[in-house]
Ligand SMILES: *[C@@H]1O[C@H](CO)[C@@H](O)[C@H](O)[C@H]1NC(C)=O
Ligand SMILES: *[C@@H]1O[C@H](CO)[C@@H](O)[C@H](O)[C@H]1NC(C)=O
């Protein structure tokens, strides 16, 4: 009897060991350390809080001194959001009203601010010769950012990253102290700089982007939205034309400009032709603080007075009101150079009854685009015969590929067909998907799976969520079978 019980126990033990071994083998990727093997990295400079604070103490009084000093422009309606056209463009919308006196007041404030930064600019704090990525995140954007950074590291990029959080409340110890450093990224709390000021004025949402650039440590900056990632090493963009000679690169939006004629009067500029270029999609911006510090200062001025005055002047209620137009507007007003990629932004997604369910946008290689436009070839204006530049960035903006929300019912469901069955998210247009040259979407899902499982209990915004890992794993298995995501 004693013996039998012993054998039974042994059998249970053996089966257990076998089971544990099997599970450990199947899911061992879940228990791996979060370190991404990226070799030696270019370590981020120590953040110079006193340098940035000192700079802000010089800059903010200039913003306040040159405030618009008048009522906000009055809306008489919203401008239509219309696609960009190279021929026969629609007339520039004119949907704002301002008294002559108010226009004069803003014009004077604008030109006095420009005079002030020309005569005696506050000195920006940055590490000479440094290059890096800057982004803003916090709350539900943090998981999305971790996924994007893991996609960035897949390209072999070693650039350091500064992640700007609006305030101390957004600082998540585990993410900022463990996960991000393993990806050579560092959290910077913007309010630690901004609060050291005499006037307290909230800086939030879209305004954070130019301020993150202004207060980053790097000389040459690639700003990326938390939900955007490159398909190739972004190092090349800094090293080549057009960045070398222009010092500032932007990418286009789908839309035509909807800036008010009043903006051009205030900035003492000719009204820009509607076919000059597309509006800007500011999810990706390359800028040198050395060559373009004045552009950054004026852009920050537009954003500082954005919610009350300038955002309206740049967008008049059309899609995408915010910081997006302030970079090119500032460079133009100051006569500083820039290059905006001409290749059209491209929506990618999957096919539904209603047509393309777009869940991301592709932006193209600026080095190749510049080579074409230097030869006088404008594909956007119909020179379609030549091959398009290669895709360079994916901006997975709508909805966010946050594994905690991705599988719930939303306006666009990138992972589901009309009938509720699973689908791959990015299948059309094929011509662009094929240009990726590899299964980028599968890599993306591998990182979504890693983040959803490995960090399931780590993000504050996921605190009360359940089955995050389980949901992504179910999707992964349905789409990619038993394949180990580590091998992707
Ligand atoms: C920090 O910035 C200040 C002001 O720009 C500068 O004097 C100082 O040398 C900087 N410190 C470091 C460690 O770079
Ligand atoms: C999670 O639930 C607790 C208790 O109801 C609540 O206090 C907390 O704010 C919730 N967290 C999030 C991120 O929603």
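The values are calculated or read from the model by the stated rules, or taken from the named source; none is laboratory data. Not measured: the values here are computed from a predicted model. Heads up, the Cβs are rebuilt from the backbone with ideal geometry, glycines too, and the neighbour counts pull from every protein chain shown.
Here is a check on your reading of the model: is residue 239 free of Cβ contacts under 8 Å to residues at least 40 places away in the same chain and surrounded by fewer than 24 Cβ atoms within 10 Å (Cβ to Cβ)?
yes
Does the range 380-400 include one or more residues that are farther than 28 Å from residue 238 by Cβ, in the same structural domain as residue 472 (by TED's automatic domain parsing) and in contact with a strand residue (DSSP E or B) (Cβ under 9 Å, 6 or more places away or on another chain)?
Yes; the residues of the range 380-400 include at least one that is farther than 28 Å from residue 238 by Cβ, in the same structural domain as residue 472 (by TED's automatic domain parsing) and in contact with a strand residue (DSSP E or B) (Cβ under 9 Å, 6 or more places away or on another chain).
Among the residues of the range 448-460, which ones are in contact with a helix residue (DSSP H, G or I) (Cβ under 7 Å, 6 or more places away or on another chain), part of a helix (DSSP H, G or I) and either under 20 Å from residue 171 (Cα atoms) or within 16 Å of ligand 2 (Cβ to nearest atom) (or both)?
Of the range 448-460, the ones in contact with a helix residue (DSSP H, G or I) (Cβ under 7 Å, 6 or more places away or on another chain) are 448-456, 458-459.
Pick out the ones that are also part of a helix (DSSP H, G or I) and you get 448-454.
Answer for the range 448-460, where residues must be in contact with a helix residue (DSSP H, G or I) (Cβ under 7 Å, 6 or more places away or on another chain), part of a helix (DSSP H, G or I) and either under 20 Å from residue 171 (Cα atoms) or within 16 Å of ligand 2 (Cβ to nearest atom) (or both): 451, 452, 454.
Could you say whether any residue in the range 407-422 is modelled with pLDDT under 95 and within 16 Å of ligand 2 (Cβ to nearest atom)?
yes
Residues to consider are 253, 220, 227; find the one that is assigned by TED's automatic domain parsing to the domain that holds residue 277, buried (at least 23 other Cβ atoms within 10 Å of the Cβ) and touching a strand residue (DSSP E or B) at 6+ places or on another chain (Cβ under 6 Å).
On the way: 220 fails: buried (at least 23 other Cβ atoms within 10 Å of the Cβ); 227 fails: touching a strand residue (DSSP E or B) at 6+ places or on another chain (Cβ under 6 Å).
Just a single option satisfies the conditions, and that option is 253.
If residue 211 meets every condition in (1) more than 29 Å from residue 441 (Cα to Cα); (2) without any contact (Cβ under 8 Å) to a residue 60 or more places away in the chain; (3) in contact with a helix residue (DSSP H, G or I) (Cβ under 9 Å, 6 or more places away or on another chain) apart from one, which number is that one?
(2)
Consider residue 407 carefully, then state whether it is closer than 24 Å to residue 152 by Cβ, in the same structural domain as residue 364 (by TED's automatic domain parsing) and more than 16 Å from ligand 1 (Cβ to nearest atom).
Answer is no for this residue.
Results for (1) farther than 19 Å from residue 149 by Cα; (2) in contact with a strand residue (DSSP E or B) (Cβ under 9 Å, 6 or more places away or on another chain); (3) within 16 Å of ligand 1 (Cβ to nearest atom), shown as yes or no for each residue.
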site: 403; (1), (2), (3): no, no, no
site: 412; (1), (2), (3): yes, yes, no
site: 424; (1), (2), (3): yes, yes, no
site: 430; (1), (2), (3): yes, no, no
site: 435; (1), (2), (3): yes, yes, no
site: 453; (1), (2), (3): no, no, no
site: 466; (1), (2), (3): yes, no, no
site: 484; (1), (2), (3): yes, no, no
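Can you tell me which residue among 64, 97 is closer than 30 Å to residue 188 by Cβ, more than 16 Å from ligand 1 (Cβ to nearest atom) and modelled with pLDDT of 95 or more?
Of the residues listed, the single one that is closer than 30 Å to residue 188 by Cβ, more than 16 Å from ligand 1 (Cβ to nearest atom) and modelled with pLDDT of 95 or more is 64.
Residues in the range 87-110 that are part of a loop (DSSP other than H, G, I, E, B), buried (at least 18 other Cβ atoms within 10 Å of the Cβ) and within 30 Å of the chain's Cα centre (by Cα): how many?
Total satisfying the criteria: 3.
In the range 461-477, which residues are within 16 Å of ligand 2 (Cβ to nearest atom) and free of Cβ contacts under 8 Å to residues at least 12 places away in the same chain? Let's see the steps before the verdict.
Taking the range 461-477 first, the residues within 16 Å of ligand 2 (Cβ to nearest atom) are 461-468.
463, 464, 466, 467 - these are the residues of the range 461-477 that are within 16 Å of ligand 2 (Cβ to nearest atom) and free of Cβ contacts under 8 Å to residues at least 12 places away in the same chain.
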